[in-house]
Amino acid sequence: MEIKYRYAVIATLCALLAACTKEGPDIITKPNGRDASPAELSAGSATVFMNSIRAYDTPAPWVTGALLDRFMHGDRLYDDPRTASQGDPLTGGLGPLYAGFSCGSCHNNAGRTYPSIFADGGSGRGFSAQLVYITRSNGKFFRQYGRVLHDQAIVGVKAEGKLHASFEEKEYAFHDGEKYALITPHYTISEWYADSIAPGDLIIDVHIPLRHVGMGQIMALDTDELRRLAAQSNYPEYGISGRLSIITERNRQYVGTGGNKAHHADLTVELGFSSDLGVTSDRFPLEVSEGQSQNIGYSHFGIQISTRDMEDVDLYMSALGVPARRNVNSEAVRRGEANFYRASCHLCHTPTLHTRQDAPVLLGGTRLPWLTGQTIHPYSDFLLHDMGAGLDNHVATGSAFSYEWRTTPLWGIGLQETVNGHTHFLHDGRARNLTEAIMWHDGEGAVSRELFARMSKSDRDALIAFLNSL
């Protein structure tokens, strides 16, 4: 009954959002009957005017009819907890090893669930809300383990290990004397299921969930525009020189735009079901624990989620709306926007991009023409930048060096506290607010950090107000 009620509410909401009609290339009518300004339209026709806990978890206005039915089905597959039972294709197949029991367990409301490294000091109880990557100090994998440490397991199976986190805090001061603090995380792993690994031969790289805001638009980006940005993204006076992430998947080269290191060219739904949940598919037919001694008895269950169901999850993520900008006429926000440019943040956090003209294709062949030809405002160039030694994770990923990171898209960032109840940012959540996130910038981000640090408190506050309007 609760699920049915939820979907009835969402369906009603979709009907209201569908009232946002497009009357011209730059005119969209909001639910209150007023015309939206271009500054408010974060994602063109996929912009939603939603400021509540559902701000990231609302379908774009063009999601109607049969597409809405598939969206709802994908939403259910994304959110509903899976169990170890093999009987139900919608909720079965969890494990035997996993990190979360559903996509939504880590991406609550399509956002960033509060990570257990902060809630529980390491591996969570039932799910972790972070991914723990492990490699040898020489970059190779451990014989008994894969790239991801699976710190959760079903009854009767032992998790691969348990993560423990501690934090070192240091206090600093801005040029005007106002104090702030930064925390540096330190990780250890215990309770190894098999071989214990010497700390000196272990690199631990922890990532908290990404916000699933604008994923469809990110997959539909005009990569020619990104190539032009990369060619022009050379500001020697600031030490900035972004570069494209070129990756190879399925024997083809792509421009990577997804993930912290721009190391994905699709939404990796199949990989998520396999590695994060332990659910097998046509692409990943083996259990994630295949080859481990404790996998005996778990190799004969076959395919646990169909390509059609996974494509509905792909559709759900691609068709989510992007929250409209808020308070665009506020004096503080306008002042903060000017300070954003004054601090040269825009040189990497590019305000405006475009989606390409050919319709993105989902993993089952469905095309989404509504994502084409849109002017969007992700505030990212989706290029790789050197972020300095402080954020070096000591692991090369795709074509990214260990100290390089994709510029984080900023759209929707001001609603994360509303949606998920916390303000942890950066790849591992070490920044507890936006100010700390800025002050962690180094390498190519050092110029913006220093310009921000030298501003008056009122100017810093205004810049933060601008970020919270996105």
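The values are calculated or read from the model by the stated rules, or taken from the named source; none is laboratory data. Keep in mind that what you see is a predicted model, and the values were worked out from it rather than measured. FYI the Cβ positions are ideal-geometry reconstructions off the backbone, even for glycines, and counts take in every protein chain you see.
Some points to look at:
- Identity of the residue in the range 372-396, under 20 Å from GLU249 (Cβ atoms) and crowded, with 22+ Cβ neighbours inside 10 Å, that ends up nearest to the chain's Cα centre (by Cα): PHE382
- Residue-level analysis places LEU363 among those that are in a loop (DSSP other than H, G, I, E, B), surrounded by fewer than 22 Cβ atoms within 10 Å (Cβ to Cβ) and either modelled with pLDDT under 95 or of a type outside the set (A, V, I, L, M) (or both).
- Some residue of the range 403-423 being in a strand (DSSP E or B) and surrounded by fewer than 22 Cβ atoms within 10 Å (Cβ to Cβ): no
- Test: PRO351 is modelled with pLDDT of 95 or more and buried (at least 21 other Cβ atoms within 10 Å of the Cβ): no
Per-residue answers, yes or no, for (1) in contact with a Leu (Cβ under 8 Å, 6 or more places away or on another chain); (2) more than 30 Å from ARG70 (Cα to Cα); (3) without any contact (Cβ under 8 Å) to a residue 24 or more places away in the chain:
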| position | (1), (2), (3) |
| --- | --- |
| VAL269 | yes, no, no |
| LEU277 | yes, no, no |
| HIS300 | no, no, yes |
| THR307 | yes, no, no |
| ASP312 | yes, no, no |
| ALA324 | yes, no, no |
| THR355 | yes, no, no |
| LEU371 | no, no, no |
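- Considering residues of the range 117-142 that are in a loop (DSSP other than H, G, I, E, B) and touching a Phe, Trp or Tyr at 6+ places or on another chain (Cβ under 8 Å) only, the residue surrounded by the most Cβ atoms within 10 Å (Cβ to Cβ): ALA129
- Within the range 287-298, the residues that satisfy the criterion of being surrounded by fewer than 20 Cβ atoms within 10 Å (Cβ to Cβ) and either touching a residue at least 40 places away in the same chain (Cβ under 8 Å) or over 18 Å from ALA194 (Cβ atoms) (or both) are SER293, GLN294, ASN295.
- Of all the criteria given as (1) in a strand (DSSP E or B); (2) surrounded by fewer than 17 Cβ atoms within 10 Å (Cβ to Cβ), the one not satisfied by HIS346 is (1).
- Counting the residues of the range 275-300 that are outside any helix (DSSP H, G or I), touching an Asp or Glu at 6+ places or on another chain (Cβ under 8 Å) and either at pLDDT 95 or above or not charged (D, E, K, R) (or both) gives 6.
- Taken residue by residue, the range 213-222 has no member that is in a strand (DSSP E or B), touching a residue at least 60 places away in the same chain (Cβ under 8 Å), of a type in the set (Val, Ile, Thr) and surrounded by 15 or more Cβ atoms within 10 Å (Cβ to Cβ).
- Only one of ARG228, ARG252 that is closer than 30 Å to ALA446 by Cβ, out of contact with any helix residue (DSSP H, G or I) (no Cβ under 8 Å at 6 or more places or on another chain) and free of Cβ contacts under 8 Å to residues at least 12 places away in the same chain: ARG228
- With respect to the conditions (1) surrounded by fewer than 21 Cβ atoms within 10 Å (Cβ to Cβ); (2) touching a residue at least 12 places away in the same chain (Cβ under 8 Å), ASN329 falls short on a single one, namely (2).
- In the range 451-468, the residues that are farther than 10 Å from ASN339 by Cα form Cβ pairs under 8 Å with partners that are of a type in the set (Asp, Glu) and surrounded by fewer than 19 Cβ atoms within 10 Å (Cβ to Cβ), at six or more places apart or across chains, as follows: SER456/ASP176; LYS457/ASP176; LYS457/GLU178.
- You will find that of ASP392, ASP386, the residue that is under 30 Å from LEU451 (Cα atoms), among the acidic types (Asp, Glu) and touching a strand residue (DSSP E or B) at 6+ places or on another chain (Cβ under 7 Å) is ASP386 and no other.
- Residue satisfying condition, being in a loop (DSSP other than H, G, I, E, B), surrounded by 23 or more Cβ atoms within 10 Å (Cβ to Cβ) and of a type in the set (Phe, Trp, Tyr), within set TYR114, TYR56, TYR145: TYR56
- Within the range 150-175, if we keep just the residues that are among the aliphatic types (A, V, I, L, M) and assigned to a loop (DSSP other than H, G, I, E, B), the residue that is surrounded by the fewest Cβ atoms within 10 Å (Cβ to Cβ) turns out to be VAL155.
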